[in-house]
Every structure is written in structure tokens, then in C-alpha cells.
Amino acid sequence: MSKHMKQIDIAVIGGGAAGLAAATATYDSGVSNVVVFDREEAPGGILKQCIHNGFGLHRFKEELTGPEYAAREFAALTQRGIAYVPEATVFQMESVSEGTRLSVLSPINGFEQVLAHAVVLAMGSRERTRGALRIPGTRPAGIYTAGAAQHLINLQGIMPGKEVVMLGSGDIGLIVARRLAYEGAHVKAVFNRSHISSGLRRNIVQCLDDYGIPLKLLHTVTSIYGSRRLEAVGVSEVDKATKRAIPGTEQIIPCDTLLLAVGLIPENDLARQAGVTLDPKSHGALVDERYQTSLPGVFSCGNVLHIHDLVDFVSEEGEAAGRAAAAYLGAPSSDAPAADTTEVLPGAGVSYVVPQRLSAQPNGKIPLRFRVRDVYRDLTICVSADGREVKRFRRAVAVPAEMQTVRLDGALLAGARTVEVSVNAQHEPAVQHDAPSKQPASCAKDQEVR
Amino acid sequence: MLDVCIIGAGIAGCACARELAAYDLDVMVVEAGYDVSCGTTRANSGIVHAGYDPQPDTLKARYNVLGSRLYPQLAQELGFSYSQCGSMVVAFSDEERPALEQLLKRGNANGVEGLRIIEDPELHQREPNLSPAAVAALWVPTGGIVNPYGACLAFAENAATNGVAFRFNTYVESVRPLEDGTWELSLCDLLAQDANASSKQPAGADRIVGQQPTPTDTVQARIVINAAGLESGRLNNQVSPHRIKITPRAGEYLLLDKAWGGAFTSTIFQVPTKAGKGVLVTPTTGSNVLIGPDAIARDTARELQTTGEGLAGVLEHARRTWEHIPVQDAITNFAGLRSSCLEEPDFHLGEALDAPGFYNIAGFDSPGLTSAPAVAQEYAARIADQLHAQKRPDFNPHRPAPLFFSQLTDEERARLAEKDPAWGRLICRCELVTEAQILAALRSPLPATTTDAVKWRTRAGMGRCQAGFCLPLVAELIARETGCEPWQVRKGWPGSELAVGLRGCLTDLPEVSMGEEAAR
Amino acid sequence: MSDAHSQQTALDFDVPVVKRFTCVSCPQGCELEVTVQDGQVLKLTGNACPRGEEYGRAEAISPQRVLTSLVSVRGSEQPGSCRTERSIPKELIPQALAELRALTVEPPVRIGDVVLADVCGTGVNVIATRDVE
């Protein structure tokens, strides 16, 4: 089979924001033999179903909706004549001496094996499911992830439900709650296990508060009722210290639909199977500042690398990975995973940092992206190398829902054994972030809900 | 007039249908569910037991050992997933060793082959993830695993191909003897009834137990096989003075991601203790790891729910076997029901007392799955003899195994995808299921009509994303094949439609909140 | 200034009212308290920066939102997606949704096409955000 194997310079796996930006950047860096393999029918990935606004303020200096953003990114691709294969799933990947061998399946080209000299992984993420949360109960129709519901309504014009309860307040969930309310559904409440919402403040205000949808923190779904269609869910209070549901607090809320917005997981099954080293904290590949993974010539960007909250940063990361892949073709270096490179570690208050490694000679301004573990005010972000502080950044506030970026000169970090990013601040008393002014409204809603 | 009417399309009913299809008989299977394997067969551990467990000289012991020996050949003939992976019963302390000896003795008495007690180093060499506390185990080389749905469907499809009729969504309200010695069954068409019912009225499983459905028609048969699982006691009691009381007993399970598929190579049981029978940890034919079940008596046959306590209990018990269960990689949890007869805990087989021609397969809890093929072969021979039926020369005992893209070689993949673009279109990314596989399920001799039926046949939606990505695509395919709207596609039971309607079906407008106001 | 806006201020006349908002200008999420009388802000507290004051004033007097929704396209199963070109008064959103629901546009639809001109008399157009054949 290998003698028939198609050879390409760069394969981009995924046709969403990260993949499209990466492909365009590789081309602009002088590589024209680039192919984007997209498992979906049309380009844009999740942007296609994100019909709300709020995209592109950084990248296009104007506020666009998801489909508009995707259309602009795809136009950039087609203007350059970059090959795009729809409905093409890369389902196997193997590092070989000449590059990376991909097994691709598509209706247009059937089954093919492609040898790519460099690969950009941009497969995005998937949603956490009921099974992963181990919510007990029956298994009726009417339980969907928020993204699946968004697909049904925005792309297929199908109303998933009428009386809706949401678990989790991730951004997709908040957006979908408003969307369903716009289409005539009753969103009874959004319950959130943690005392901190994982959604952005703006979305909580403009999707929930604007329409009187109560957000109940420290509550979770503890049972599911109904044998054919969902009939009700049981919701219990959660103990903030133990993070467990408090027995005896369950209230039954009749509903026909339960939507889950409980987190995204980078979809790295292909990478894992190919032997890419993953970071258990970010659930994405372990990369250096060029976004190169542990496999030489394999790069990773966007939500498959770590979960973003702004598509503009996804595109920026895609571009950087695309440029790096193009540079790799010019001068393939395999120094990325070596032991003498710099390790970047999350320190106090930080849950993960990307990149996790720096090459021997990091060039230019290096963005370090990370998330904080809790809500912090008046904080200092410290970057230290081998225990010595090299730079500090002041921030008024940092919340887990929002990805943080600090940029610093690679020269400051070169040669260090370890670099650590940590947060220095007083903990925000969580109660202030429980939206206390909403409490009376929430209680009133409870009466109706029952 | 039917020769044989089989009530229930679970493993027992479908195995009987397939064996009877070899004879020149007019056979129909009537099933309340929307598909085969909708009851006790579905959420089952999927173990082909070797037969060391049942007490000697019981029906369970006899048919277990016979059935276990039939599975390898049946899997070949009918193309379903089965693996003789072996099983072990593990003792976690020296106090538990005598129990192993007892099981060994019992197994030998039942005629189970190859049993022996193993200790370290063999014990942990075989199963490195087994808890260090394990001291010894009964090694059972003939233990196996099977996809219970797959086996049941294989029997049913082969029966259908050979002329057996199937009626799904059809509830048997009553059975009564006629004067000429035949039987009349009153049937209710649940789909028709659901279409007439208001949306608030429960259907499906609720209706079966909750409200009595109204009979819509009747059929007449010379022989009835009562393979109705949880409903088998109710039907028996309509025709026989020897009453059978079926107690639904739930078992709760957790299924782990394929990433852990290699954690155990054989089925691991625990020595039964005073605290209970223990739970099993087993690989599945789909390369997942299955953990469970507990055993909780439930009041009605509709109580198919898992519970927080139940799942926690399953995990706690299972940690004896596997200390560090990766619970974060659980992809789903579910409950199954056993149709147990606690008063007379053996199988209830043969013609019911004072009801000639009414054959029971009742109280058919574990090892029912293993025993079903053996019971079916005996029943078919006996019923054929009774009805003076001849073997059909054109009976085809083979059913081609469905193709799974994930199991094909690259050459086969290339050949199929070149011929048919549907083999090139991947619908389920987690389990690598192509459009062609889903279309095959939708066009099978017993067509899948629901997303659950597609899932069970093709594994589309059974993986780690739990249908988040493929559900809309599968629904579109079902709608296209069955001529309905995608939103009308059902998950399973009548009333389990995917959605409430098209956009625009709801007319309420949202109320805008302008910020809270308080006069001062 | 729109009719709806004048109605809103009319309701507020005479009695001073206190409105509470969470500022969305940055992740800090300041809890703002704005006292309003006769369409005028009397007092604004809780903000940590001038952006908060600007946000609080706008939210208290005339909150504005960009509306994004769907619109039916004749002969297409896939709905078209659309948005208002600029933000419109928040209280008009239900009415704007009602106008959009009543609408079926003719294909083909191109990004930027006006699907509904002058929504709710605001002078703002609703434009398509994706192509539908």
C-alpha cells in the first residue's frame, strides 16, 4: 500500500477555527501542499452552530456571529486555493521515519493513506456526558448535551424540548438556554455543582439574568425520572466543602428535557493512539512553545490542545502552530521532547499551563496560557525560572472561566530547567460571586418550578 | 391459525424462534418492546457461564452446561460476538478458600471441564490488575462473554430470514384456551395506541404495567411459548393453577471507556460471602469493562433506574477486585432486571400444569442467557414432534456476521469504500461506525427503527461521547429510511421521540427582565 | 429615541428606584447599584472603574442588546441564522422575535442580506449570518 501512498507537506486535521487558521498560516509561510481534513460536511467546526455574536473582536476588530467568523476563515482558505476535504475522518495516525502516516476515510476519496511531513492536530473537543458524571436514574429520551441541543435547534430547526432544566453553566449551556427561550421553551433553572460558574459573566447576565432564568450554584442533578421521555429530575444541594450532594435535600422538578453543560474535553483519542504524550491537567497534548507535541512534526492547537473561551485565541494559536509546522518543514528538528529542555509547570493557584515545555532556544515573545483554580482579586501572576522570579504581572481579577495569557521574552526563560507560573492573591470570598442579589428571585422561581 | 406463538423476543424467545424455523411450522414472535432484547436480555452481564454455580440436579445446572457448550458453534453460524475468555472466582483471604473448593466440587459434579484452583504467580500473571489481596481463584477456562443483544438479534434475524414472523410494540393482554385445545391471545398494538393517546398519557413500559392497554386484535395458535421474562408469571397464572410469582430484581452496572479494555482478560467473580454474591468485573465483547451488578428487589417491572447508593455499592464491592477503578472514565451506567422466582428459584420449564400446549420459560434468571440455546433446541424438537412437523430442507442455519468498520483490514476498508461512498462516510467517530453499517441495520430482516436499536446493532452512540455528535446524523438516516421527520425519530419506546417538534411549534415569547427594582 | 424607550422612562417617573446589575465590562463582575428617577441617574455605586459607570448608566436607562436568532427559509429544512446589525433596546427583543417568527425568507440567502428591515421600528436591520441555498 505504501507505494501508492499520497504524500503531502502538511496535513491539518480538523476544519474548525484552529484548523482553518493553521492551514492559512502554513500557506502564508510558504508551504502550498497543505490539506485540511474535516470530518464534518462543511467548514467551521462548532462555529457553524454558534449563531450568537461575540466572535472576532480581537481578530477582525468587529463583533461577528459564529457562522460569519467561520465564513471569513474559510474564505481565506479558498482564496489561497488550499485543499479542503469534507467528511474526511482521520482515524489512525502513526509516526514513521519519513513523517506521519494518516489513515483517512471520506465518501469522496474512500479509504486512503496519506504520508504527511508535518501534521497539525485541530480536532477540537467533545462534551462531558451524563455517564461521565454518573448521574443515576432511568434512561429516557430528552437528555442531551448542550452542544447537541444547539445542533438540533440551530442547524436542523428541531426543538429538543419544552420544559428545560440545565445542569452546568458552561458558556455553551448559557447560550443554549437563551436560544431555547427565544424559541418558546421554558428554561426552568440552571444548576451548577460548584460555587463558581464555569461560564463567562457576560453570558450569565445576557443569557440568564436578562430572561429571569435562575442560576442556582451548589446544586446538582441527583436523579432522573421517566421511562420513555424525561418526566422530572431530582436536584440536591451540594456541600461546598465535600462537593457532594447533601442527602435529604432532593427536590423533584418536572421537565421534559435535561441539558448538560458540564465541561469540554479535548478530543485526543487519535493523538493518544498515535503515542502523543498528553498532559493529564489540560487533557491536551504536551507541547513546546512552537506547539510541537512529543512526536516530531506533529503540532497541536485550539480546543484539542486545551479548552479556550474565546475563538480569537483559538485562531491565534492555530496560526502559530501552522507557522511552526511550516518552519519545521524547512528545518526539521527533533529536539522538542528531549530531556534538556525547559519544563513549564503550573504553580500555586494555576491548574495548567500551555506550553508545558520550552525548546532550548525559545525565540521572541512567548505566550503562556493558563487557567486559575479559583476567583482571585488584585492578584499577581508570577513567572519564575528555577525558583527565581523573572517577571510578574498585575491583574485586577482572574476567574477560572477565563483563560489567562501572559507574554514574555523567550530569552528570559532560555536554559532554565523549570519555569513556574503561579498566582499570588487573596482568595475571593466565594459568596460574593454567588450573585446574592439574585437569591430572592431564585427562591420565588423555586415555588413555580415545583 | 399459527402453529406456534412465542411471547417475548428476548434471548429465550428468539432462540426458540430460530430452532423452530428449522421445521415446517408457522411461527410468530410477539414482543411488547420496540426491538428484540428490550427486557431482561438487554442489560445483562453478558456472561456465558461455565456451570459450576448452580446446585447439581437442578434445571439450571443441566441447561447451563449444555448451553455453554453450544455457544462457540452458534456464534460461528450466526455471526455474533462471543469470546471464550475464561473466568475466575477469586478468594481474597484464606477464610474464603473453602468456598473455592466447594465450587470446584460442584462444577465437577455438573460436568464443567478444566476447572482448577490457581494461586500466585499464575493468578496475578493472568490478571495483573487484580487486587494484591487476592490469594487464590477457581480458574474456569470454559467461561465466556457474549454480546447478549447481538446473540438475541442473530437468533431473531436468522429466524426471520427462515420465515418466522415478528410483531413488535405488541403487548399480550391475555391468553386463553379454546375448546379445540388451541390458544387465543389478545394483543394490543402499542404504537397505534400511542398515536391515539394524548401526549400526557404514559406509553411504552409505563403503559404495560401502569394502565391496562386495550386489546386491538387476537391471534390463535396451537402452541404457546411463554418467554415473556418479567411478564411470564402473569401469563402463566392466566392459564395454570400452578402459580408463578416473578420478582423483578434490579442489577446496576457501570461501563468503562474502551481505553481500559485490556485491564482484565477474563471475567472476575468474587467468592460469595455473607455480605452478598459480590460483583463482577469483566471485559465485554465491545472492548469496554463492565462492572456490576448488585441485586435489589424492585416492586415493578418498570423500575429500570440506577441509584446513587446502588452505583456506589457496586463500586465499593468491585474495588475488592480492582483497587483503583478509573471511575472518571465511566461512560455510562444502567440497570437491568432479572425475572426471578424467589419462592421456587429454579427455571420453570415445560408445559404448565393443566395447560397442555402452553410452554413456560419462566423464572429464567441467571444462567438464562447461557441456557437459552439448549432449552430452545429441546423445545423445538419436542414441539415439532407434537405437531408432526418435518425438518425444512431449505432451512439456512447461517446468518452473515454484520460488518464492523473498526474490525476490518485496511484492504477491506479500501475495497468497500471505493464501491460504496456510504462505507466512506463515518457517522460515529468514537466507535468508527460508517453510514453503510447504519443503513444495513435499518434494512435488516428485522429493521432497526429507533436510535437505541441502531446503537445496539452498530455501536453508533455507544462510545465515549454517548451520541453527542452522531445522534443528529443517525436520526436523519432513520428519518430518511422510515419516511418520518427527524424530530419524530424515537429513542426506543413509543413516546420517546427525539424532540417535541419543529422550530415554531412553541409559541411563547421570553419575558425580559429589566433589572431588579426596589423603591426607597 | 424610540417609543419604547420613552415608555420605559414614563414608568419610572417621580419615584426614585434602585436597579442592581452585575457589570460585564470585565471579569471582575462589580455589583452596581444605580438609582434612577425620571430617566436620570441620581447615583451609581459599586463600580471599580469608569467602564463600570458607563455600563451601569446604559443598563439603567436604556439597555441595548444585539439580537441573534433564526429565520425560516422557504423550501429549506435548515433555518437561516441572523442578527441585528446594531444593538436594539433589550425590552424590544420579544417583539423582534415575534416579527422574525412570522417571517419566511426566499432563498438563496447570503451573509449580510437584509432579512428584516427596520425591526420593531428601531431603524435597525436584521441581516443573515449564513448562506442558505
Any hit, the range C:83-90, residues being within 11 Å of another protein chain (Cβ to nearest Cβ), crowded, with 20+ Cβ neighbours inside 10 Å, over 17 Å from the mean Cα position of the chain (by Cα) and of a type outside the set (D, E, K, R): no
Hits in the range A:235-262 - residues which are in a strand (DSSP E or B) and β-branched (V, I, T): A:V235, A:V238, A:I252, A:I253, A:T257
Qualifying residue in the range B:89-106 (condition: in contact (Cβ under 8 Å) with a residue 60 or more places away in the chain and among the basic types (K, R)): no
Single condition B:R392 does not satisfy, out of (1) touching a Leu at 6+ places or on another chain (Cβ under 6 Å); (2) surrounded by fewer than 21 Cβ atoms within 10 Å (Cβ to Cβ); (3) under 30 Å from B:L2 (Cα atoms): (1)
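This table checks each residue for (1) in the same structural domain as B:T285 (by TED's automatic domain parsing); (2) in contact (Cβ under 8 Å) with a residue 40 or more places away in the chain; (3) surrounded by fewer than 24 Cβ atoms within 10 Å (Cβ to Cβ); (4) in contact with a Gly (Cβ under 7 Å, 6 or more places away or on another chain).
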| site | (1), (2), (3), (4) |
| --- | --- |
| B:L153 | no, yes, no, no |
| B:N162 | no, yes, yes, no |
| B:F168 | no, yes, yes, yes |
| B:S174 | no, yes, yes, no |
| B:P177 | no, yes, yes, no |
| B:D180 | no, no, yes, no |
| B:W183 | no, yes, yes, yes |
| B:C188 | no, no, yes, no |
| B:A192 | no, no, yes, no |
Criterion violated by A:I135 - all others in (1) crowded, with 22+ Cβ neighbours inside 10 Å; (2) part of a strand (DSSP E or B) satisfied: (2)
Residues being in a helix (DSSP H, G or I) and more than 18 Å from A:I8 (Cα to Cα) - total across the range A:294-333: 13
All positions within the range B:104-125 that are crowded, with 18+ Cβ neighbours inside 10 Å and part of a helix (DSSP H, G or I): B:L104, B:R106, B:G107, B:N110, B:L123
Contacts under 6 angstrom Cβ, first residue in the range A:5-28 being farther than 15 Å from A:G302 by Cα, partner assigned to a helix (DSSP H, G or I), 6 or more apart: A:D9/A:L329; A:I10/A:T26; A:I10/A:A325; A:T26/A:G322; A:T26/A:A325; A:T26/A:A326
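On the basis of being closer than 29 Å to A:D374 by Cα, assigned by TED's automatic domain parsing to the domain that holds A:M93 and not aliphatic (A, V, I, L, M), does A:G284 make the cut? Show your work before the answer.
Values: closer than 29 Å to A:D374 by Cα: yes; assigned by TED's automatic domain parsing to the domain that holds A:M93: yes; not aliphatic (A, V, I, L, M): yes.
When the stated conditions are applied, A:G284 passes them.
Can you find even one residue in the range B:94-107 that is closer than 30 Å to B:A228 by Cβ and assigned by TED's automatic domain parsing to the domain that holds B:N288?
Filtering the range B:94-107 for residues closer than 30 Å to B:A228 by Cβ gives none.
No, the range B:94-107 contains no residue that is closer than 30 Å to B:A228 by Cβ and assigned by TED's automatic domain parsing to the domain that holds B:N288.
Filter the range B:395-436 down to residues that are polar (S, T, N, Q), more than 8 Å from chain A (Cβ to nearest Cβ) and farther than 30 Å from B:V27 by Cα and give me whichever is surrounded by the most Cβ atoms within 10 Å (Cβ to Cβ).
Top of the filtered list is B:S406.
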Every residue from the range B:453-493 that is within 10 Å of chain A (Cβ to nearest Cβ), crowded, with 24+ Cβ neighbours inside 10 Å and either within 20 Å of B:T170 (Cβ to Cβ) or free of Cβ contacts under 8 Å to residues at least 12 places away in the same chain (or both): B:R490, B:K491, B:G492, B:W493
Within the range A:82-138, considering residues that are touching a residue at least 12 places away in the same chain (Cβ under 8 Å) and at positive phi, the one farthest from the other protein chains (Cβ to nearest Cβ): A:G99
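Taking the criterion of being of a type in the set (A, V, I, L, M, F, W, C) and crowded, with 24+ Cβ neighbours inside 10 Å, would at least one residue in the range B:336-351 satisfy it? Can you show your working first?
So the first thing to find is which residues in the range B:336-351 are of a type in the set (A, V, I, L, M, F, W, C), and the list is B:337, B:341-342, B:347, B:349.
Checking which are crowded, with 24+ Cβ neighbours inside 10 Å leaves us with B:337, B:347.
Within the range B:336-351 (the criterion being of a type in the set (A, V, I, L, M, F, W, C) and crowded, with 24+ Cβ neighbours inside 10 Å), the answer is yes, since at least one residue qualifies.
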Count of residues meeting criterion [part of a loop (DSSP other than H, G, I, E, B) and more than 20 Å from the chain's Cα centre (by Cα)] in the range C:30-55: 6
Count of the range C:29-77 residues which are more than 30 Å from C:A117 (Cβ to Cβ), within 11 Å of chain A (Cβ to nearest Cβ) and surrounded by fewer than 20 Cβ atoms within 10 Å (Cβ to Cβ): 5
The range A:139-171, residues that are within 9 Å of chain B (Cβ to nearest Cβ) and either without any contact (Cβ under 8 Å) to a residue 24 or more places away in the chain or assigned to a loop (DSSP other than H, G, I, E, B) (or both): A:R139, A:P140, A:G142, A:A148, A:L152, A:Q156, A:G157, A:I158, A:P160, A:G161, A:K162
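Which residues, taken from the range A:181-215, are out of contact with any Lys or Arg (no Cβ under 9 Å at 6 or more places or on another chain) and either over 23 Å from C:S25 (Cβ atoms) or not assigned by TED's automatic domain parsing to the domain that holds A:T145 (or both)?
Within the range A:181-215, the first condition is being out of contact with any Lys or Arg (no Cβ under 9 Å at 6 or more places or on another chain), and the residues that meet it are A:181-182, A:196-202, A:204-205.
Once the filter is applied, which keeps residues that are out of contact with any Lys or Arg (no Cβ under 9 Å at 6 or more places or on another chain) and either over 23 Å from C:S25 (Cβ atoms) or not assigned by TED's automatic domain parsing to the domain that holds A:T145 (or both), the range A:181-215 yields A:A181, A:Y182.
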Candidate set from the range B:290-326 (those that are among the hydrophobic types (A, V, I, L, M, F, W, C) and either over 20 Å from B:S366 (Cα atoms) or free of Cβ contacts under 8 Å to residues at least 24 places away in the same chain (or both)); member that is surrounded by the most Cβ atoms within 10 Å (Cβ to Cβ): B:L311
Qualifying residue in the range A:343-353 (condition: modelled with pLDDT under 95, β-branched (V, I, T) and surrounded by 14 or more Cβ atoms within 10 Å (Cβ to Cβ)): no
Enumeration of residues in the range B:81-103 that are in a strand (DSSP E or B) and not aliphatic (A, V, I, L, M): B:Y82, B:S83, B:S87
The lone exception for A:E94 - which of (1) modelled with pLDDT under 95; (2) surrounded by fewer than 20 Cβ atoms within 10 Å (Cβ to Cβ) it fails: (1)
Scope the range B:322-356; condition modelled with pLDDT under 95 and closer than 17 Å to B:I225 by Cβ; matching residues: B:S339
Residues that are of a type in the set (D, E, K, R) and in a strand (DSSP E or B), drawn from the range B:220-258: B:R222, B:R249, B:E252
Residues of the range B:316-341 that turn out to be part of a helix (DSSP H, G or I) and at the interface with chain A (Cβ under 9 Å from one of its Cβ atoms), as a count: 3
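The values are calculated or read from the model by the stated rules, or taken from the named source; none is laboratory data. Keep in mind that what you see is a predicted model, and the values were worked out from it rather than measured. Here the Cβ is made from the backbone with ideal geometry for all residues, glycine too, and neighbour counts use every protein chain on show.
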